[in-house]
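One structure is given below, encoded as C-alpha cells.
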Protein chains: 2
Amino acid sequence: MSLYGGIDLGGTKIQAIVLEREGQEVLGKARRPTPSDGGPRAVVSALAEALREAADEAEVAPERLEGVGVGSPGEVDSGSGTVSKAGNLPGWAGEFPLAAALSEQVGASVIVGNDVDVATWAEFELGAGRQARSLLGVFWGTGVGGGLVLDGEPWHGRGGAGEIGHMVVRRKGARCPCGRRGCLEAYAGRKAMEAKASREVDRGCNSVLFEIMRERGRDTLGSGVWARALHHEDELAQRLIARAVKALGAGIASAINLLDVELVVLGGGLGTRFGEGMARRVAHAMQGHLFNDQRPPELKVAELGDLGGAIGATLLCDGATARRR
Amino acid sequence: MSLYGGIDLGGTKIQAIVLEREGQEVLGKARRPTPSDGGPRAVVSALAEALREAADEAEVAPERLEGVGVGSPGEVDSGSGTVSKAGNLPGWAGEFPLAAALSEQVGASVIVGNDVDVATWAEFELGAGRQARSLLGVFWGTGVGGGLVLDGEPWHGRGGAGEIGHMVVRRKGARCPCGRRGCLEAYAGRKAMEAKASREVDRGCNSVLFEIMRERGRDTLGSGVWARALHHEDELAQRLIARAVKALGAGIASAINLLDVELVVLGGGLGTRFGEGMARRVAHAMQGHLFNDQRPPELKVAELGDLGGAIGATLLCDGATARRR
C-alpha cells in the first residue's frame, strides 16, 4: 500500500487527506479553518495538525507517508518549496519556505504546487479531463483562476501562465480587484460581485443577498448564498450572475480562439456549486464569441468536487510534469 | 546545393522565391497579382508562373527543386494538401487540392501550410524569434492573425488556434468583419479601420486618407496610405490608429496573461510598415493590462520583411513541426 498525504491550502479553509494510491481511496480526511493571524508559521502548524488528524483516521503515522503534496495560492517555486505573493493568506508577505517548514513538523517529504495548477492537473488525470489531451481549467470562485494542459503537459509559460481572470473582456470596463479595468474577474469574481452587490444595495436596490448571508452567520457572499438568492429569484443576484456568465463566455471564448483546446473544465466554488445548468449557460455565452463556432470545445463541470484540490496535491509527489502517453 | 521553392499566396499578390538552403540565399524571385477571377485553377496557374519565373532567375528547372512550400490563407490540411475557407481568395469556395494541382504543373513536390503559421515559424527559425523558445506572432494587416510557438513547437490546437484577432477586447463593442462584436480585429484590422474611416468621412469628418488613396491610384487604404496620413498629422488617421493600438495592447496582454510566453513578434502589413516606434506604442498599451506587469514579454517587429512569407514557406519542406533543440 502506498499512502500519500494531500493538502489543499485555501484562503479560508485547509483540507487534508490521506490517499491510498493504487485504489485511489481516501482513507482519512480532516478540515480546519486557515488561521487568520500568526502568518506563515501559524499556517504551517494548522497544515500539520490537519495532516496528523487525517493520518490518524487512516491509521498511519505521518512520517510513514510516501510523500505529502500541498496546493497553495500565490507564486510557488516547486523546486525550492517556497511560496510568495500569497495575497489570499493573511500575513503572508514575502517568500516563505513552506515545504521545508512543514516537512520538519510532519517528518515526511513535502512538495508544494500552485493550487490552480494542482486542481487543473487533478481534473486532467482523474476528473473531467481524463479523456482529453489538452484542456483549459477555469476556477470560478473568489477570483477567476485558470490552468492549462497542452498536449498532455502542464503549461506554465515563464511561471505566470493561466491568468484567465485578467484577460480583458471590456476595455475601459469595470474596475477589477487587481486594480486594472475590464478584466474577466472584475465581472465574474465572487469578491468583485460582492462589492458590486454591496454598492447596489447601498444605492437602494432591493435584494435578499445580504439577509441570507446574515441568516447563515456568514460575513461574505459565499457560493451557497448566491445559490439561495437565485432560488428566491432575487433580481439583483440574477442580474449579477447573468453579467458574470456573459463575461465568462467572452473570456473563455477568447482563450479558445487563441488556443483551440478540446475541453474546458469549469470548477471553483461557484462553478461546482452551480453545476451543469450554469455550465450550459456559460457555454451558450461563449458560443457567440467563438471564431470556429461550428466546433465549440466541450465544457464540463469539474468532477473531483470538494476534495479535488487535496487529491490533486497528492499527484505532486509523482512530479506533476510527467507526460501522459 | 539544395534549392527550394517558396510561395506566399496573398489576397492581392503572389510572391515566389527560389532559396539556396545552406547559405539562406535568395537566388530568384518573382511577384505577380493574385488573379481576381477564375477561381483556384487560375490561382494555381499564377503560382506556377511565378515559381517558373523565380526558377529562371535562379537558373534551375522547377522540377529540379527539392521541394516547394506554399503559405496559403484559409484552412489548410497539410497532410492532404487541400485548402478550404480561403475567404480572401476570390472564387475559392469549398475545398481545393492545391498541393496536387500545383505539383502537377511544376513537376516538383509541393507542401502547403497556413500563411500565418508559416510566417510565425519563419520568425521563430530565422527572424526576430531566433533566441526564443516560445512566442506569439501577431500579424497586423487586413485582419489580425496570430501564430504560436510553444516550447519550440508550433501550436495549432485542434487546427484552428491563433485567432488572436477574434479575442474579445470589448464585449458588446464594435462590429467585426467576422460578424461578431468587440473582437480585436474590429478595432485594429485594416479592413475594419477603413470601413470606420469611410463612415466618419461620410458623416463630414475631415481627412486626407481617401485623397491620398486616390492620388496613389489605390482603391483601399493600404499601410502606405495610413503611414502617409499619419505623416500629415491627419486627425482621423491618428485617432483610428490610437484606437487600434489600444485594442492590440488589450488583446496581446490577454494572450500573455493566459500563456506567459517570453516574446511577441509584431508583423503584418501595418506592423512592419510602422516599425519600432509603433511597436513601442503597442507595448505601452499592453503594459496597463498585464497581470505580471513587472515582467512584460519582449515585443519585437518581425524581421523577415516582404519575403518572409515565401522564405517561411520553404521551411515547410522540412516539416514545420520539427522540434528545435
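Values quoted throughout were computed directly from the atomic coordinates according to the rules given, and no laboratory measurement underlies them. Worth saying up front: this structure is predicted, and the values here are computed from it rather than measured. Heads up, the Cβs are rebuilt from the backbone with ideal geometry, glycines too, and the neighbour counts pull from every protein chain shown.
Distances over 49 Å make up what percent of all Cα-Cα pairs in the protein assembly as shown? Roughly 20 percent, once rounded to a whole number. Ranked from shortest, the separations from the 7 Å Cα-to-Cβ label point of A:Arg203 to its equivalents in the other copies are 2.7 nm.
Normalising by residue count, the range B:180-301 has a Cα convex hull of 108 Å³ per residue. Here is how far apart the A:Gln24 label points are across copies: 4.9 nm, shortest first, using a point 7 Å from Cα toward Cβ. Within chain A, all pairs of alpha-carbon atoms sorted by distance into 10 Å bins from zero give the percentages 6, 27, 33, 24, 9, 1, 0.
Only helices enter the 222 nm calculation for chain B: every DSSP H run of n ≥ 4 contributes -39,500 (n - 2.57), and dividing by all residues gives -12500 deg cm²/dmol, rounded to 500.
Peptide A:247-254 shows a mean partner chain C-beta count of 4 within 10 Å per residue C-beta. Taking a Cβ cut-off of under 10 Å around A:Gly71, the surrounding Lys, Arg, Asp and Glu residues balance to a net charge of -3, with basic ones at +1 and acidic ones at -1.
Roughly speaking, what % of Cα-Cα pairs in the range B:222-287 are separated by over 19 Å, rounded to a whole number? Working shown, then result.
Numbers: 678 of 2145 pairs.
Taking all Cα-Cα pairs of the range B:222-287, the fraction more than 19 Å apart is 32 percent.
Shielding by partners for peptide B:295-308, expressed as the average number of C-beta atoms from other protein chains within 10 Å of each residue's C-beta, is 0. If you take the Cα centroid of the range A:1-35 and the Cα centroid of the range B:246-325, the two points sit 43 Å apart.
Copy-to-copy label distances for A:Arg216, where each label lies 7 Å from Cα along Cα-to-Cβ, are 6.1 nm in order of increasing length.
Each residue of the range B:34-43 was assigned a 3J(HN,Hα) from its phi angle through the Karplus expression (A = 6.51, B = -1.76, C = 1.60, θ = phi - 60°), giving 6, x, 8, 9, x, x, x, 4, 5, 4 Hz with x at Gly and Pro.
A straight line joining the Cα centroids of the range A:211-232 and the range B:55-133 runs 59 Å. Highest average first, the peptides A:68-79, B:76-87 ordered by how many other beta carbon atoms sit within 10 Å of their residues are A:68-79, B:76-87. Of the peptides B:307-317, B:100-110, the ranking by mean beta-carbon count within 10 Å, highest at the top, reads B:307-317, B:100-110.
Binning the C-alpha pair distances of the range B:83-227 at 10 Å intervals from 0 yields a P(r) profile of 10, 27, 33, 23, 7, 0 %, listed from the shortest bin outward. Partner shielding of B:179-192 amounts to 2, given as the average count of beta-carbon atoms from other chains within 10 Å of each residue beta-carbon.
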